[in-house]
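**Q** My structure is below; once you've seen it, I'll send some questions.
The values are calculated or read from the model by the stated rules, or taken from the named source; none is laboratory data. If you're wondering where the values come from, they're calculated on a predicted model, not measured in any experiment. Here the Cβ positions follow ideal geometry from the backbone for every residue, glycine too, while neighbour counts run over all protein chains shown. Accessible surface areas use protein heavy atoms only, side chains included; no ligands, DNA or RNA. Shrake-Rupley method; radii C 1.70, N 1.55, O 1.52, S 1.80 Å.
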Amino acid sequence: MSLAMAAPMTAAGADPVGQAINATVEANRGARASQSRIDALDDQTRQMLERYRAATWQSQQLKVYAEQLEELASGQEAERDSLQRQLAEVDRTERELLPLMLRMTQGLESIVAEDLPFLQQERRDRIAGIKRLMADPSATNPDRFKRILEAYQIEAEYGRTLGAERTQVENRSVDVLRVGRTALYYLSIDGREAGWWNAAQKRWDRLDGGEIAQIRRGLRMARETLAPDLLRLPVPTAAMHAGAQP
């Protein structure tokens with residue numbers, strides 16, 4: 001009985017082909033397991049690589065964004081500082097503007113009072129309007145300043161133009177010719193008498209008849225019924241003032 005059982009075991013143990021097959025099968029199993037582990041590691045590696053690339057790209061984007069935010073914050077800070085300086089300048093200008101406008105209004109009033117006597121009511125009304133605006137609590141400083149500048153511009157224009165108006169001289173109606181701010185001449189309505197404004201004596205003095213034609217031409221030029229041309233009129237001088245007779 002013992003011999004019979006030993007024989008098959010000896011035969012099986014002596015089968016080299018079976019052992020080789022078994023060894024091959026085990027090796028294949030091991031290889032497949034190793035490959036599976038390698039494949040799993042490869043998948044993990046690729047995932048980690050993709051995650052690393054994504055993280056790197058995101059980091060670069062965040063860095064660029066952070067730099068942009070820093071530049072924007074710096075620019076906003078500079079703009080804020082500039083606005084604060086401008087506001088401070090506006091406040092200072094507002095404080096200084098009212099005294100300046102008052103001085104300009106007084107200066108304008110002095111100009112009209114001391115100037116040649118032309119368009120007096122119109123110019124006085126303009127100054128009165130400015131004073132009312134200055135006293136109006138609902139008026140803004142820009143509106144007040146604009147009105148004052150307009151008045152100064154009008155006064156400046158008088159010095160560059162000819163003007164004509166009908167007014168009263170010694171209780172009679174006459175036509176007055178203004179030549180800039182240099183001289184005033186009058187011509188009676190009937191055209192027989194002419195005169196000029198003696199600024200030194202603050203009065204009207206008569207001229208001889210030789211200037212009547214020129215004054216008449218000047219009035220037509222001022223009223224734009226005659227093309228501008230050269231006028232030959234006596235210009236008031238210190239000698240004329242000194243030699244003028246009442």
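**Q** Restricting to region 181-199, give me the number of residues that are in contact (Cβ under 8 Å) with a residue 12 or more places away in the chain and over 19 Å from residue 159 (Cα atoms).
**A** Count: 8.
**Q** Evaluate region 209-217: report whether one residue or more is without any contact (Cβ under 8 Å) to a residue 24 or more places away in the chain and among the β-branched types (Val, Ile, Thr).
**A** Taking every residue of region 209-217 in turn, none turns out to be without any contact (Cβ under 8 Å) to a residue 24 or more places away in the chain and among the β-branched types (Val, Ile, Thr).
**Q** In region 189-216, what residues are part of a strand (DSSP E or B) and either hydroxyl-bearing (Ser, Thr, Tyr) or open to solvent by 40 Å² or more (accessible area, probe 1.4 Å) (or both)?
**A** Of everything in region 189-216, those that are part of a strand (DSSP E or B) and either hydroxyl-bearing (Ser, Thr, Tyr) or open to solvent by 40 Å² or more (accessible area, probe 1.4 Å) (or both) turn out to be 203, 204, 206.
**Q** Out of 66, 54, 20, 78, I need the residue that is in a helix (DSSP H, G or I), at pLDDT below 75 and not basic (Lys, Arg). Which one?
**A** Testing whether each residue is in a helix (DSSP H, G or I), at pLDDT below 75 and not basic (Lys, Arg) leaves just 20.
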